[in-house]
Amino acid sequence: MRIFDPHVHMTSRTTDDYEAMYAAGVRALVEPSFWLGQPRTSPASFFDYFDALLGWEPFRAAQYGIAHHCTVALNPKEANDPRCTPVLDALPRYLVKDSVVAVGEIGYDSMTPAEDTALAAQLQLAADHGLPALVHTPHRDKRAGLRRTVDVVRESNLSMERVLLDHLNETTVKHAIDSGCWLGFSIYPDTKMDEDRMVRILRTYGTEKVLVNSAADWGRSDPLKTRKVGDAMLAAGFTEDDVDQVLWRNPVSFYGLSGRLQLDVPKPESLHEGNSVLRSGE
Amino acid sequence: MTQTPPRTRADVDARLDDDIARAWLDEALAEAAGAAKALPTAPSPYTAHSWELCFAAAGRHCGEDNADAVRTLLLVEARPGLDTLTRLYQQGSAAERRAVLQALPALVDGPCAVHLVDDALRTNDTRLVSAAVGPYAAAHLGPHAWRHAVLKCLFTGVPLDAVADLAVRAAGDAELARMLIDYAAERSAAGRDIPHDLDRVLTLTGEKSQRPQEL
Ligand SMILES: [Zn+2]
């Protein structure tokens with residue numbers, strides 16, 4: 001089973017996770033920029049974070065045979081802090097980088113005027129840079145949030161086929177399908193969405209334009225959830241080809257819209273014991 | 001200006017996939033040449049001249065394998081000053097930083113860009129470390145920093161073939177020999193083998209006789 005995790009925050013994970021992900025079949029992933037749990041207070045903190053997504057993190061991933069790409073944006077939560085909003089002005093110089101495959105995560109958190117401004121501005125940046133957009137849908141007031149998100153996307157210069165609506169569930173999937181956007185589902189170890197509910201959604205709505213991710217980060221989460229969905233799909237009677245479509249071909253098609261995916265990474269067997277990630281203390 | 005870039009235009013052309021990539025490179029090099037002729041202007045922090053956009057986008061237009069060579073060609077053509085080089089490095093992805101490091105011998109006379117080499121040597125990214133220990137470091141890195149760079153290569157598994165002028169700089173360096181012997185002792189104490197490269201560079205110092213018998 002070849003797996004592309006289209007949304008996982010590896011900065012917050014250990015090398016054990018990389019090793020386990022490779023063993024489970026993960027060969028590529030996208031790390032969206034998001035908030036780090038602790039609020040940032042200056043643009044420079046964002047720049048160091050973006051630099052890590054363009055430098056150290058792809059290097060770590062490559063040590064474990066996984067191709068690493070990222071999305072860059074000012075996330076909706078921190079878009080509300082005027083100390084952070086100058087990040088918007090600096091985004092163009094990051095959006096031209098080879099391994100940036102979308103603008104994201106953008107979207108709504110608390111649906112404030114500041115979030116409206118940041119979302120609209122960043123949808124325009126995506127259109128200007130020939131990039132698709134990864135749009136986070138809010139965890140609170142989800143149904144209303146999804147509707148408002150779709151309205152803003154529809155008014156933007158980015159076409160619906162270049163937008164991935166993420167963190168969907170049973171209550172938002174129908175409206176998301178009708179919008180013409182790509183459909184992202186984050187599978188968590190707790191109640192938000194689990195693999196069996198995911199399988200029921202796939203049975204009802206099919207596998208077209210559906211992406212499944214672990215959204216693993218610094219919170220309670222599991223970077224192997226993609227594999228668990230693949231196994232649950234097979235157990236429920238889906239074919240290997242269905243699984244490949246959801247876990248590999250759909251994310252490749254969506255992020256491939258950027259024209260920047262580079263999926264060949266040497267196998268980790270070619271690495272040797274002296275490598276600098278495996279080695280601590282240097 | 002003793003150093004030539006690692007690949008010539010003809011070499012790179014031959015490696016490119018198709019005429020679309022070759023045409024892109026033509027245009028990018030012309031932009032870079034234009035920038036070299038333009039009067040220096042103070043760049044605003046976030047807007048870039050279009051050759052700099054080409055510098056960032058080299059991987060997707062020419063393939064990841066050719067990106068280092070293409071970026072180096074662009075740098076040599078554009079002849080950026082130290083301020084621009086520093087900005088390109090600091091605002092670059094790891095791949096762009098590597099290209100800046102590789103172009104230093106062709107672009108900078110004297111030690112004024114050593115801060116970029118120092119920065120790369122502080123990372124644990126072996127792609128940056130190996131690009132940092134090229135001819136520019138051989139010419140301009142001070143003895144202490146150079147010895148630590150050699151040791152860092154051994155620690156992180158960067159082959160010492162990446163270190164330019166290794167034999168010349170190692171010859172007669174008793175302090176480097178001492179550091180190597182201590183490192184070998186530490187490896188032995190941990191029950192780990194001694195990298196072949198360690199033995200090789202120790203021989204190059206000509207101070208091998210210092211090596212304790214039990215190692
Ligand atoms: Zn996320």
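The values are calculated or read from the model by the stated rules, or taken from the named source; none is laboratory data. Just so it is clear, the model here is predicted, and its values are computed rather than measured. All Cβ positions, even for glycine, are placed from backbone atoms using ideal geometry, and neighbour counts span all protein chains on display. All accessible areas refer to the heavy atoms of the entire protein, side chains included, with ligands and DNA or RNA removed. Shrake-Rupley method; radii C 1.70, N 1.55, O 1.52, S 1.80 Å.
Filter segment A:36-62 down to the residues that are at pLDDT below 95 and crowded, with 19+ Cβ neighbours inside 10 Å and list them by number.
Within segment A:36-62, no residue meets the criteria.
Residues of segment B:139-177 being within 14 Å of chain A (Cβ to nearest Cβ), open to solvent by 60 Å² or more (accessible area, probe 1.4 Å) and not in a helix (DSSP H, G or I), which ones?
Correct list: B:Pro159 only.
If I ask for residues that are open to solvent by less than 20 Å² (accessible area, probe 1.4 Å) and either part of a loop (DSSP other than H, G, I, E, B) or away from the ligand (no atom under 12 Å from the Cβ) (or both), which ones from segment A:1-28 would you list?
Once the filter is applied, which keeps residues that are open to solvent by less than 20 Å² (accessible area, probe 1.4 Å) and either part of a loop (DSSP other than H, G, I, E, B) or away from the ligand (no atom under 12 Å from the Cβ) (or both), segment A:1-28 yields A:Ile3, A:Phe4, A:Pro6, A:His7, A:Val8, A:His9, A:Tyr18, A:Met21, A:Ala24, A:Gly25, A:Val26, A:Ala28.
Go through segment A:254-266 and give me each residue that's over 22 Å from A:Tyr94 (Cα atoms) and surrounded by 14 or more Cβ atoms within 10 Å (Cβ to Cβ).
If the condition is that a residue be over 22 Å from A:Tyr94 (Cα atoms) and surrounded by 14 or more Cβ atoms within 10 Å (Cβ to Cβ), then A:Val265 is the only one that fits.
How do the pairs read when you match residues in segment B:47-67 that are facing chain A (nearest Cβ under 8 Å) with residues anywhere that are crowded, with 23+ Cβ neighbours inside 10 Å and not aliphatic (A, V, I, L, M), using Cβ under 6 Å and keeping only pairs 6 or more apart or on different chains?
Cβ pairs passing all conditions: B:Ala56/A:Lys97; B:Ala58/B:Arg71.
Mind listing whichever residues of segment B:73-105 are among the aliphatic types (A, V, I, L, M), closer than 23 Å to B:Asp13 by Cβ and open to solvent by 10 Å² or more (accessible area, probe 1.4 Å)?
The answer is B:Leu73, B:Val76, B:Ala95.
From the list B:Leu85, B:Leu104, exactly one residue is within 22 Å of B:Asp161 (Cβ to Cβ) and of a type outside the set (D, E, K, R). Which is it?
Result: B:Leu104 is the single residue among B:Leu85, B:Leu104 that is within 22 Å of B:Asp161 (Cβ to Cβ) and of a type outside the set (D, E, K, R).
So which pairs qualify, if the first residue must be in segment B:86-98 and at pLDDT 95 or above, the second must be open to solvent by 10 Å² or more (accessible area, probe 1.4 Å) and hydroxyl-bearing (Ser, Thr, Tyr), the Cβ gap must be under 7 Å, and the two must be at least 6 apart or on different chains?
Every condition considered, the pairs that remain are B:Ser93/A:Ser99.
Of the residues that sit in segment A:150-174 and are under 19 Å from A:Val212 (Cβ atoms) and polar (S, T, N, Q), which one is most open to solvent (accessible area, probe 1.4 Å)?
By that ranking, first place goes to A:Thr171.
Okay, residues lined up against (1) without any contact (Cβ under 8 Å) to a residue 12 or more places away in the chain; (2) open to solvent by less than 10 Å² (accessible area, probe 1.4 Å); (3) of a type in the set (A, V, I, L, M, F, W, C); (4) within 14 Å of chain B (Cβ to nearest Cβ):
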| site | (1), (2), (3), (4) |
| --- | --- |
| A:Cys70 | no, yes, yes, yes |
| A:Asn75 | no, yes, no, no |
| A:Ala90 | no, yes, yes, yes |
| A:Tyr108 | no, yes, no, no |
| A:Leu125 | no, no, yes, yes |
| A:Leu131 | no, yes, yes, yes |
